[in-house]
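The values are calculated or read from the model by the stated rules, or taken from the named source; none is laboratory data. The structure presented is a predicted model; accordingly, all values stated were derived computationally and were not measured. Cβ placement follows ideal geometry from the backbone for every residue including glycine, while neighbour counts extend to all protein chains displayed.
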Amino acid sequence: MKIANKKTVKILSNYPDLFNYNNFINEKLNRNIKQCSIKKPSFIDLFAGIGGIKIAFEQAGFECVFSNDFDKNCKITYDYNFLKTNNPNNIFQEQSNELFLADISGVKNIDIPACDILTAGFPCQPFSIAGYRQGFADEKGRGNVFFEITRIIENKNPKVFLLENVKNLKNHDNGKTIKVIYNELEKLGYYLCDKVMNAMDYGNIPQNRERIYIVGFKNKKHLQKFVFPTKIPLTKTIENCLEKNVDKKYYYNDKPLFSRISNAVVKKNTLYQWRRKYVRENKNSVCPTLTANMGMGGHNVPIIIDDYGIRKITPRECANFQGFPADYRLPKIADSALYKQFGNSVVVSVVNRIAENIKVVLENEDI
Ligand SMILES: C[S@@+](CC[C@H](N)C(=O)[O-])C[C@H]1O[C@@H](n2cnc3c(N)ncnc32)[C@H](O)[C@@H]1O
């Protein structure tokens, strides 16, 4: 049946007799009115990786119109999940959204669509304790990608942005780095706030992952209305995140490291990490912070003991400890690439809670 357009609906609504004559049509028309009038707020996702932030914002009702990253392996994972042609059952978004593979410094403003919101989990190496502490002077230019973000914010003028980074961003260079970030964004006319949140306290995910979230609003009143999520109880357990049937290749039984770790890795549902010379037990009943380095050599991948022996956790379990949905698909690429991707990503539920609170503010635009 051909569904009436908006104009027809308006005309019909002037003739209540005709309009009420068939409930079935009436219902269809109402649904159509709804579809015409509700347009999802759009967002662009920079440094999108494998789409953790994208999923969180889409779950909150936003529409992703552009994603960028320069990592080919990320594109494989991203497109494997979000491109309709690859994944016909894509539950994440109605429209296909391919990852735009390019170094952000080479992406012209004209190639980026207009948006209501900009999100960016920008590279954290220059700011993290584990990295070089080089900040904006990072030799590899990684600190400078921040200025690509300001370039795009200045051009697209979004109502809101969300930036995510390691907790240490706040203290880096005695607080000078975050000061520069605030100054640059305030110069563009934004009002900012930030909060460090740990996934185990704010996302109901058993991972010790502290990250700083910076939210900026173009409208000062929106900032006053916005609140960061508050703590919630942690009910999800390590056990909830573990797989039942794990491939033999993940077990250390008979491997060189086995003799060095077997005395220390003894408790079930506890995660351990091999720290070059010794094993460290996580005593908080959560997973230690997953990092991008997990992809390099694999020694930092958390270790666990189950009914079949001692093993490292699998890429799927990393996805679970980042709160990715169960139907997120892992492509057949090297495990090292998958470990890196999940270590680099976000805890989806924490970002989703921020996105929900941003939505509340934007829904009351007239304030
Ligand atoms: C911390 S991760 C963000 C991960 C993402 N939020 C997710 O959920 O998967 C940073 C990402 O920035 C990308 N990146 C770093 N420098 C870049 C650049 N100059 N241009 C484009 N992407 C870059 C990396 O490949 C990496 O995937």
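Quick rundown of the values:
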item: Subset of the range 54-70 that is part of a strand (DSSP E or B) and within 13 Å of the ligand (Cβ to nearest atom) - its residue that is surrounded by the fewest Cβ atoms within 10 Å (Cβ to Cβ); result: 68
item: Whichever residue in the range 263-280 is hydroxyl-bearing (Ser, Thr, Tyr) and outside any loop (DSSP other than H, G, I, E, B) and, among such residues, is modelled with the lowest pLDDT; result: 278
item: Scan of the range 165-179 for residues that are within 22 Å of residue 53 (Cα to Cα) and of a type in the set (S, T, N, Q), ordered by number; result: 165, 168
item: Failed item in (1) part of a loop (DSSP other than H, G, I, E, B); (2) buried (at least 21 other Cβ atoms within 10 Å of the Cβ); (3) modelled with pLDDT of 95 or more, with residue 304 passing the rest; result: (1)
item: Unmet requirement for residue 212, which otherwise passes all of (1) under 20 Å from the mean Cα position of the chain (by Cα); (2) hydrophobic (A, V, I, L, M, F, W, C); (3) in a loop (DSSP other than H, G, I, E, B); result: (3)
item: Per-region count, the range 294-337, residues among the β-branched types (Val, Ile, Thr) and touching a helix residue (DSSP H, G or I) at 6+ places or on another chain (Cβ under 7 Å); result: 5
item: Filtered residues of the range 332-367 (kept if exposed (fewer than 15 other Cβ atoms within 10 Å of the Cβ) and in a loop (DSSP other than H, G, I, E, B)); result: 332, 334, 364, 365, 366, 367
item: Any hit, the range 178-201, residues being more than 30 Å from residue 150 (Cβ to Cβ), in the same structural domain as residue 60 (by TED's automatic domain parsing) and surrounded by 15 or more Cβ atoms within 10 Å (Cβ to Cβ); result: yes
item: Residue among 304, 333, 358 that is over 18 Å from residue 53 (Cβ atoms) and away from the ligand (no atom under 16 Å from the Cβ); result: 304
item: Residue among 293, 284, 300 that is polar (S, T, N, Q) and touching a Ser or Thr at 6+ places or on another chain (Cβ under 7 Å); result: 300
item: Conditions (1) of a type outside the set (Ser, Thr, Tyr); (2) within 12 Å of the ligand (Cβ to nearest atom); (3) modelled with pLDDT under 95; number of the one not met by residue 91; result: (2)
item: Filtered residue count, the range 119-154, keeping only those that are at pLDDT 70 or above, more than 10 Å from the ligand (Cβ to nearest atom) and either among the β-branched types (Val, Ile, Thr) or farther than 17 Å from residue 176 by Cα (or both); result: 6
item: Selected residue [part of a strand (DSSP E or B) and of a type outside the set (Val, Ile, Thr)] from 163, 169; result: 163
item: Complete set of residues in the range 107-118 that are out of contact with any strand residue (DSSP E or B) (no Cβ under 8 Å at 6 or more places or on another chain) and either at pLDDT below 95 or among the β-branched types (Val, Ile, Thr) (or both); result: 110
item: Residue match in the range 14-29 (condition: of a type in the set (Asp, Glu), over 28 Å from residue 356 (Cα atoms), at pLDDT 95 or above and not in a strand (DSSP E or B)); result: no
